[in-house]
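Notes follow the structure.
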Amino acid sequence: MKNKIQVLLVDDHAVVRAGFKLLLTAATPNIEIIAEADRGELAVQLYQTHQPDIVVIDLSMPGIGGLETIKRITQRDETANILVFSVHDEQVYIHRALNAGAKGYITKNSAPNILPEAIDSILQGHIYIEQGLIKENTGQSSAHNYQQIIADFSVREFDIFRLLAKGLTAHKIADELCLGYKTVANYVTQIKKKLYVSNVTELAHIALIQGVMKH
């Protein structure tokens, strides 16, 4: 068993990476920076080689960029834990990062304790969005009234939605609710269709902005 949380740092500025390392290792002794990358292509290779516990990545980089890097890593490993650490606080960046497969988003203007807190939360299976970044209307349109959709869920649908948002797999939910796996899988498909989402990360994001789960 690994004693330390292994982190891959991805940022095109060496000075920024040095700051990350100092911040993380000083605040959390059980964190180890096992590799660094200054571009996305290298980050994908290093992820394959080292299989870190979490990737801390910037979005603005030369080459394929942060969003495409997140997408490529999660296509190869859907369980990858990726935390975006960016200067951008606009909703479009947060939404696109989560859609690409990131499990957390914080800004470089955040308090020093936020970075280790975010890493810890993600490794516990949660989606972590820095306080104040989420707006109530994020990703919504008149066709996507999430509050009303969730209010109209059946009791069983809501239970499964809540457990999915907490990070439980369909198999674990089936065990938790004493249901058959196929039954739960059907509910999951139904819930995703109702919320107009394609993956659990998007679903958890909706749960966050609607207050169903807290980070």
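Bear in mind that the values in this text are calculations on the coordinates, not laboratory data. Values in this document were obtained by computation on a predicted structure and should not be read as measured data. For neighbour counting, all protein chains shown are included, and Cβ atoms are generated from backbone atoms with ideal geometry for every residue, glycine included.
Structure summary
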item	result
Highest to lowest packing among 96-105, 57-66, scored as the average C-beta count within 10 Å	96-105, 57-66
Dipole magnitude (debye, nearest 20) for the chain, charges at Cβ of Lys, Arg, Asp, Glu	460
Debye, to nearest 20: dipole size of region 5-129, +1 on Lys, Arg Cβ, -1 on Asp, Glu Cβ	100
Value at 222 nm in deg cm²/dmol, rounded to 500, when DSSP H runs of n ≥ 4 in the chain each add -39,500 (n - 2.57)	-15000 deg cm²/dmol
Matching label, Cα Rg over 2.2 N^0.38 Å computed from the structure shown, candidates (i) 1.04; (ii) 1.50; (iii) 1.23	(i)
Candidate aspartates and glutamates - alpha carbon under 20 Å from residue 172, same-chain residues fewer than 8 apart omitted	77, 78, 157, 159, 202
